[in-house]
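To keep things clear, I will list the structure first and then write my remarks on it.
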Amino acid sequence: MKRRRLGSSALTVSEICMGTMTFGTQCDEPMSFRIMDRAFDAGIDFYDAAELYPVPPSAELFGVTEEIVGRWLKTKPRESVIVATKVTGPAHGWFVPPVRHGHTALDRVQITRAVEQSLKRLQTDYIDLYQTHWPDHGTRYEDVLDVLTDLVRQGKIRVIGCSNETCWGVMKSVAAAENNGLCRFETVQNNFSLINRRCESELAQVCRQERISLLPFSPLGGGVLTGKYIDQYPAGARFTEYRSAGERQQKMADRFLNDRTRETVARLKPIADQLKITLTALSVAWSKQHDFVASTIVGATTVEQLNESLVAADLVLDQETLRRIDEIEVAIPNPMKEDGLRRL
């Protein structure tokens, strides 16, 4: 599998990253191990977790995903795996996480504590990529970067990144790093897919000019781009369940799954069919083909699902295919209602 550099750091990673947010809920530990073993055997050396996982977040299951990844990590040579995880963002914004009594903050005390606890759960003495799960736009970026820089100097983390961040936030962090001699975010992990192409505009320019790598999550649009929702709400599927869950889950389902996203997927299907590939393979291949993307994060609840994504590993879409895909975007621009960043 081809490899790309994370930002301008010394780290290179496989073009496909194994996401782990379902490990501990939709996947039990034996299945999680089988999925990660299949990914590893296929050449994926990059695994993304978070202290908040698995999803949906709960106080009872907080940290379970990292524990599962940590036990699996002991079965592999440590240097053969690039491990990424995240510190939970502030609790005074759009979401109060069930962590640290609902008082999470991106300050020295909590970031340091979060790193130490993640290291223990992951059973390792260093984290390759440590990310802020979502930002705090009311605090100074230099304060956040200062503690992360100290942790890099201590050897507890190698590279830092951010997630769910705006173009303004990324540039503000770059300026804070440059003006204060601090480590900078080398990556930004945002929602990016064929039903949410917003990153191709302003954020792509930021990434190219500042040599920051995008790590797309939800390249399958939460499963919408597999085609399973085109004409039904399949039993047991995420957004089928979310439609009757809490308000936050209902809003998320409505963002990802609506008449415009369904129509987009319906128009993409003939393209995939003509290429004799699945919509899954088409979507992952399209994501990783962008020059500002280092690694596309895929998720799976079965080995069979992962195998569909792995088809994209050696797949390069030709210019005619890309043109046909772009025509759909022109006809149905921004089909996903919003990407969540407006709430920050």
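Can you pull out every residue in region 124-143 that is outside any strand (DSSP E or B) and either out of contact with any Gly (no Cβ under 9 Å at 6 or more places or on another chain) or among the polar types (S, T, N, Q) (or both)? I'd like the intermediate steps shown before the answer.
Applying the first criterion (outside any strand (DSSP E or B)) to region 124-143 yields 124-126, 133-143.
Once the filter is applied, which keeps residues that are outside any strand (DSSP E or B) and either out of contact with any Gly (no Cβ under 9 Å at 6 or more places or on another chain) or among the polar types (S, T, N, Q) (or both), region 124-143 yields Thr124, Thr139, Arg140, Glu142, Asp143.
Of all residues in region 198-246 being among the acidic types (Asp, Glu) and either over 26 Å from Tyr130 (Cα atoms) or free of Cβ contacts under 8 Å to residues at least 40 places away in the same chain (or both), which is surrounded by the fewest Cβ atoms within 10 Å (Cβ to Cβ)? My answer is Asp231. Only residues that are among the aliphatic types (A, V, I, L, M) and either surrounded by fewer than 16 Cβ atoms within 10 Å (Cβ to Cβ) or over 28 Å from Gln319 (Cα atoms) (or both): list them for region 258-300, please. The answer is Ala266, Leu275, Ala300.
So how many residues does region 20-34 have that are buried (at least 23 other Cβ atoms within 10 Å of the Cβ) and within 20 Å of Ser287 (Cβ to Cβ)? So the answer is 1.
Would you confirm whether or not region 147-164 contains a residue that is touching a Pro at 6+ places or on another chain (Cβ under 6 Å), of a type outside the set (Ser, Thr, Tyr) and in contact (Cβ under 8 Å) with a residue 40 or more places away in the chain?
At the first step, the residues of region 147-164 found to be touching a Pro at 6+ places or on another chain (Cβ under 6 Å) are none.
No, region 147-164 contains no residue that is touching a Pro at 6+ places or on another chain (Cβ under 6 Å), of a type outside the set (Ser, Thr, Tyr) and in contact (Cβ under 8 Å) with a residue 40 or more places away in the chain.
From the list Ser8, Ser14, which residue is over 15 Å from the mean Cα position of the chain (by Cα), among the polar types (S, T, N, Q) and more than 15 Å from Thr124 (Cα to Cα)?
Numbers: Ser14 fails: over 15 Å from the mean Cα position of the chain (by Cα).
None of the others qualify; the one that does is Ser8.
Collect the residues in region 80-123 that are in a helix (DSSP H, G or I), more than 27 Å from Phe46 (Cβ to Cβ) and either charged (D, E, K, R) or modelled with pLDDT of 95 or more (or both), keeping them in residue-number order.
Initial filter on region 80-123 (in a helix (DSSP H, G or I)): 80, 100-102, 108-122.
Narrowing the set further to residues that are more than 27 Å from Phe46 (Cβ to Cβ) leaves 100-102, 108-109.
Residues satisfying the conditions are Arg100, Arg108, Val109.
Against the definition (modelled with pLDDT of 95 or more, in a helix (DSSP H, G or I), under 30 Å from Thr25 (Cβ atoms) and not basic (Lys, Arg)), how does Leu306 come out, yes or no? Here the answer is yes, as Leu306 does meet what is asked. Scanning region 63-90 for residues that are surrounded by fewer than 18 Cβ atoms within 10 Å (Cβ to Cβ) and over 22 Å from Asp28 (Cα atoms) yields Pro77, Arg78, Glu79, Ser80.
Taking region 92-113 as the range and being of a type in the set (Gly, Ala, Ser) and within 14 Å of Asp136 (Cβ to Cβ) as the test, the residues that pass are Gly93, Ala105. Looking only at residues in region 301-335 that are surrounded by fewer than 19 Cβ atoms within 10 Å (Cβ to Cβ) and of a type in the set (S, T, N, Q), the one that is nearest to Asn258 (Cα to Cα) is Asn334.
Of all residues in region 253-290 being assigned to a helix (DSSP H, G or I) and of a type in the set (S, T, N, Q), which is farthest from Pro219 (Cα to Cα)?
Gln274
Residue-by-condition table, conditions (1) among the charged types (D, E, K, R); (2) within 13 Å of Leu52 (Cα to Cα):
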{"residue": "Lys76", "(1), (2)": "yes, no"}
{"residue": "Val81", "(1), (2)": "no, no"}
{"residue": "Thr88", "(1), (2)": "no, yes"}
{"residue": "Phe95", "(1), (2)": "no, yes"}
{"residue": "Val109", "(1), (2)": "no, no"}
{"residue": "Ala114", "(1), (2)": "no, yes"}
{"residue": "Asp128", "(1), (2)": "yes, no"}
{"residue": "Gln131", "(1), (2)": "no, yes"}
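Scanning region 123-151 for residues that are within 20 Å of Arg78 (Cβ to Cβ) and surrounded by fewer than 18 Cβ atoms within 10 Å (Cβ to Cβ) turns up Gln123, Asp125, Tyr126. Selection of region 181-200 for residues being touching a strand residue (DSSP E or B) at 6+ places or on another chain (Cβ under 7 Å), farther than 21 Å from Leu279 by Cα and of a type in the set (A, V, I, L, M, F, W, C) yields Cys183, Phe185, Val188. Applying a threshold of 7 Å to beta carbon distances and a minimum spacing of six or more residues, or different chains, the list of pairs starting in region 86-107 at a residue that is basic (Lys, Arg) and ending at one that is assigned to a strand (DSSP E or B) and modelled with pLDDT of 95 or more reads Lys86/Gln131; Lys86/Thr132; Lys86/Ser163.
The values are calculated or read from the model by the stated rules, or taken from the named source; none is laboratory data. Computed from a prediction, not measured in an experiment: that's the story for all the values here. Cβ sites come from the backbone with ideal geometry, for glycine too, and all protein chains shown count toward neighbours.
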